[in-house]
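Worksheet: the structure to be examined is printed underneath.
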Amino acid sequence: MPRLKHYLEHGLPFAVGFAALAVASLLFWYNPPVFVTTRNVVFDSFQKLAPRAYVPVPVRILDIDEESIRRFGQWPWDRRKIAGIIRQVQDMGAAALAFDVLFAEPDRTSPQRLMQDYPTDPSIDAWLETLPDNDDIMADAIGRGRVVTAFVLTGSEGGSVAPKRLATFLERGETPVPYVQSFSGATKSLDIFEQAAAGNGSINFLPYLDGVIRTVPLLFSHDGNLYPSLSMEALRVAQGQKRYAVTTTSAQGEQSVFDRTPGLVSVQNGALSAPVTKDGQLYAYYTESVPERTIPIWKVVEDPAAIAEKIAGHIVFVGTSAAGLQDLRFTPLGVLPGVEAHAQAVEQILTQTFLDRPEWAVGAERIYLVASGILVVIVAAVFGAIPSALFGGVVATAAVGTSWYAFRQEQFLIDMATPSMLVLVVFGFTAGIRYYLTDRKQRFVREAFSSYVSPNLVTEIVKGQANLTLGGERRVLSFIFTDLESFTNMIETSDPDVVMPILNDYLDRAIGVTFDYDGTLDKVVGDALHIMFSAPVEQEDHAQRAIDCALALDDFAEAFRAEKNATGFPLGRTRIGINTGEVLVGNFGGDRLFDYTAHGDAINVAARLEAANKKTGTRICVSEDTINLCKRFDGRPIGNLMLKGKSKPTMVYEPLRPKDAAYAYRHQYADAFALLDSDAEKALKQLKALNEEYPEDTLVAMHLARLENGETGTLVTV
């Protein structure tokens with residue numbers, strides 16, 4: 001017994017500690033998504049603390065901004081106007097003009113198209129036939145030289161035609177095709193434009209699971225062929241080059257002992273070379289937005305003399321910052337126009353300022369985890385919790401400080417925070433078992449450990465990822481769709497310098513509410529949020545979470561709206577739709593880089609319910625399928641809504657809280673609603689009474705108007 005007691009007091013903490021370290025090391029080796037997320041947060045924080053310093057280089061953005069749309073009219077503009085802009089920029093001496101815009105359809109305003117759509121008398125038709133086609137005019141302008149067109153690669157073959165390749169590739173080592181992101185379909189600019197262009201590049205981005213653009217792809221694969229990005233093509237055309245040189249790891253001979261993963265090493269573009277990830281992406285190192293980079297495109301037409309020197313010899317990108325055109329991207333520094341990511345990638349290559357995650361970084365992180373873990377286990381098992389906590393804190397602080405120094409001085413991406421958290425977990429197991437067996441008086445040590453790492457985070461790191469699966473699976477999820485009322489009108493009538501900070505603040509705080517309820521942000525489309533629950537981590541109460549989250553979003557949105565309206569800014573209501581159903585959810589796009597999202601009719605219904613609020617006058621519409629999975633729900637029926645594209649109606653409800661005005665008379669409303677199918681006259685009488693007493697209730701007013709117009713029943717067509 002004394003021998004067993006001695007072993008338990010002295011040997012078991014070592015055994016448990018080293019077992020925990022082995023599990024932590026194994027987890028770190030396989031790099032589950034939670035570690036990727038933690039690492040991204042660390043690197044994002046580094047960029048926020050020390051963004052890339054802006055250095056003036058010959059790169060400009062011609063911005064299709066709100067003012068340009070106000071001056072020239074709704075986008076898309078006719079191709080004659082765009083052709084004029086192209087000629088102006090060419091005449092100013094631009095080194096390259098790259099469009100972050102697709103021209104996939106013929107111009108609707110061409111004379112021949114107008115003649116088809118609006119038949120006139122034969123004499124006018126004959127005259128229209130003599131006029132040049134707008135697309136021909138633009139193709140002629142493109143053919144004058146140095147213009148780069150764009151295409152989007154897609155995952156669907158859908159009758160697409162491969163984009164035109166205007167450059168060749170020299171492969172140094174094995175072919176890079178298997179390693180870069182591959183696509184089977186494409187949406188491209190018109191053939192007449194591609195044939196006339198000097199370059200043709202992809203405008204695809206490959207956002208991370210959280211939707212943030214941290215890398216800019218330089219190469220893609222389509223049908224076994226390599227294709228360049230828009231940024232690479234702009235740089236190639238500006239240099240007058242005809243090909244790229246792509247180097248893979250096999251060209252370097254023996255690989256590093258730290259990383260034997262095959263793939264790409266660098267892409268040579270003329271006299272410039274860029275280091276890339278194994279799948280051909282450039283780590284984006286963003287600057288803060290600076291006015292020197294951007295020129296409103298209207299100035300090309302109305303004030304060319306003032307900007308000629310800013311265009312001459314420059315690589316010029318054409319893109320949009322107008323929120324209504326929905327080309328806004330999340331980056332570590334916030335929301336930026338998509339075209340700016342292309343422009344900043346070229347700036348990085350021109351200045352040779354790169355972020356790099358060297359091959360030895362992963363090995364160094366693993367060595368640090370094992371070495372510091374062994375030391376922490378020994379210290380915790382021998383000296384107890386307080387000395388080991390101090391030792392672990394010093395080691396972790398020094399390691400994180402070293403990774404920050406490496407980023408600041410060498411632009412190296414080295415993550416010591418994630419292994420430091422794992423070391424703290426190992427410390428917890430070791431110190432915990434030692435405390436349980438031999439040191440009960442030092443309970444405060446465990447409490448001190450919990451101040452280093454949240455218990456929920458520890459559980460997620462060690463256990464939570466078991467439920468995450470790569471690939472697709474069918475699962476019942478709940479979805480929230482939001483939309484800001486009158487958003488398009490708001491951006492058309494407001495100064496961009498005013499509306500953009502408000503939009504960013506609105507989105508940031510709304511996303512914060514979503515994360516409070518453990519919702520997964522699927523997409524941000526302009527002002528709209530697409531949110532899902534029970535993926536990637538399953539949540540048994542996902543339906544209840546969705547409703548609770550929607551109510552919290554509504555509280556925030558109404559308070560935010562009141563705040564902005566009080567300052568004179570006409571912010572509209574936020575409409576919310578909620579639905580639950582079986583969908584296909586998983587990682588679409590590949591194992592290395594993927595888009596975690598869901599596909600299915602349940603998503604479409606949630607979107608339709610958001611839009612249905614316009615008809616019903618409500619702010620939140622939730623389907624019966626969601627309510628049926630909730631243990632608690634307070635609300636009132638809206639109706640059997642016949643949604644667009646659906647053959648059967650969906651029973652929809654409005655959630656209510658005690659603070660809502662309609663909560664007090666919800667039972668009277670429910671009685672009147674029940675009579676809609678059985679006794680229209682009586683329903684009309686009760687609804688009139690409710691309307692007189694509560695004239696502000698738009699749902700009551702809607703049903704009353706329906707009855708007065710001769711409609712009956714609860715079926716409402718949206």
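The values are calculated or read from the model by the stated rules, or taken from the named source; none is laboratory data. Bear in mind that the values here come from a model prediction, so they are computed numbers and not experimental data. All Cβ positions, even for glycine, are placed from backbone atoms using ideal geometry, and neighbour counts span all protein chains on display. Quick note on the areas: whole protein, heavy atoms, side chains included, nothing else; ligands and nucleic acids left out. Shrake-Rupley method; radii C 1.70, N 1.55, O 1.52, S 1.80 Å.
Summary table
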| quantity | calculated |
| --- | --- |
| Accessible surface, segment 351-418, averaged per residue in Å² (probe 1.4 Å) | 43 |
| Positive dipole terminus of the chain, leading residue within Gly472, Phe205, Ala234 (C-beta point charges) | Gly472 |
| For segment 604-718: accessible area per residue (Å², 1.4 Å) | 51 |
| Heavy-atom accessible area per residue - segment 271-325, 1.4 Å, Å² | 37 |
| Simple label model, 7 Å out from Cα along Cβ direction - Val212 to Asn489, nm | 3.7 |
| Size of charge dipole - segment 253-405 - debye, nearest 20, with Cβ of Lys, Arg +1 and Asp, Glu -1, no other charges | 380 |
| Calculated FRET efficiency for the pair Glu302/Ala689, C-beta based, R₀ 56 Å, to 0.05 | 0.40 |
| Virtual spin-label span in nm between Leu333 and Ala53, 7 Å along Cα→Cβ | 1.4 |
| Net charge of neighbours whose Cβ lies under 13 Å from the Cβ of Glu340, counting Lys and Arg as +1 and Asp and Glu as -1 | -3 |
| For segment 354-378 versus segment 591-655, the gap between their alpha-carbon centres in whole angstrom | 47 |
| Label-point gap, in nm, between Val498 and Gln352 - each point 7 angstrom along Cα→Cβ | 4.7 |
| Neighbourhood charge, 14 Å Cβ-Cβ cut-off, centred on Ser273 and excluding it, Lys, Arg +1 and Asp, Glu -1 | +2 |
| Filtered chymotrypsin sites (Phe, Trp or Tyr not before Pro), segment 278-346: DSSP coil and at most 16 other beta carbons within 10 Å | none |
| Rounded to whole Å, sorted largest first: equivalent-ellipsoid semi-axes of segment 167-270, Cα gyration tensor | 25, 18, 13 |
| Prolate/oblate/rounded call for segment 482-639, Cα gyration tensor, a/c under 1.5 rounded | oblate |
| Equivalent ellipsoid semi-axes, segment 58-113, via Cα gyration tensor eigenvalues times 5, rooted, Å | 21, 15, 11 |
| Dipole of segment 291-390, positive end: most advanced residue of Val335, Ile374, Ile349 [Cβ charges, Cα centre] | Ile374 |
| Lys/Arg +1, Asp/Glu -1 at C-beta; the chain dipole; positive extreme among Phe533, Phe427, Val290 | Phe427 |
| Local net charge near Thr714, Cβ-Cβ under 11 Å (Lys/Arg +1, Asp/Glu -1) | -1 |
| Axial C-alpha extent at least 30 Å, average Kyte-Doolittle at least -1.0 - helices from the chain (DSSP) | 359-383, 385-410, 417-438, 542-566 |
| Stretch gain in nm, segment Glu540-Glu410, where the contour uses 0.36 nm per residue and the Cα spacing is subtracted | 42.2 nm |
| Spatial separation of Cα centroids for segment 687-718 and segment 288-334, in angstrom | 50 |
| Accessible surface of the chain [probe 1.4 Å, protein heavy atoms]: carbon and sulfur percent | 54 |
| Zone residues, segment 499-525, relative to Arg70, backbone N less than 14 Å from point 7 Å out along Cα-to-Cβ | 499-500 |
| 5 angstrom amide H check on Val212, placed H, neighbours 5+ away | none |
| Three-way shape call for segment 326-389 based on the alpha-carbon gyration tensor, with the a/c threshold at 1.5 | prolate |
| Potential extension, Arg172-Ala19 segment - 0.36 nm per residue separation minus Cα distance | 50.6 nm |
| Karplus-derived 3J(HN,Hα), 6.51/-1.76/1.60, for each residue of segment 220-229, Hz, glycine and proline x | 9, 10, 9, 6, x, 10, 7, 9, x, 7 |
| Listed residue pairs exceeding 32 Å between alpha carbons, taken from Lys564/Lys631; Lys242/Lys310; Lys188/Lys242; Lys299/Lys644; Lys614/Lys682; Lys48/Lys188 | Lys564/Lys631; Lys299/Lys644; Lys48/Lys188 |
| Only Lys, Arg (+1) and Asp, Glu (-1) charged, at Cβ; segment 482-553 dipole about Cα centre in debye | 60 |
| FRET efficiency estimate (nearest 0.05) - Cβ-Cβ, Asp91 to Asp136, R0 22 angstrom | 0.65 |
| Length added when fully stretched, Asp44-Asn628, from 0.36 nm per residue minus Cα-Cα | 206.2 nm |
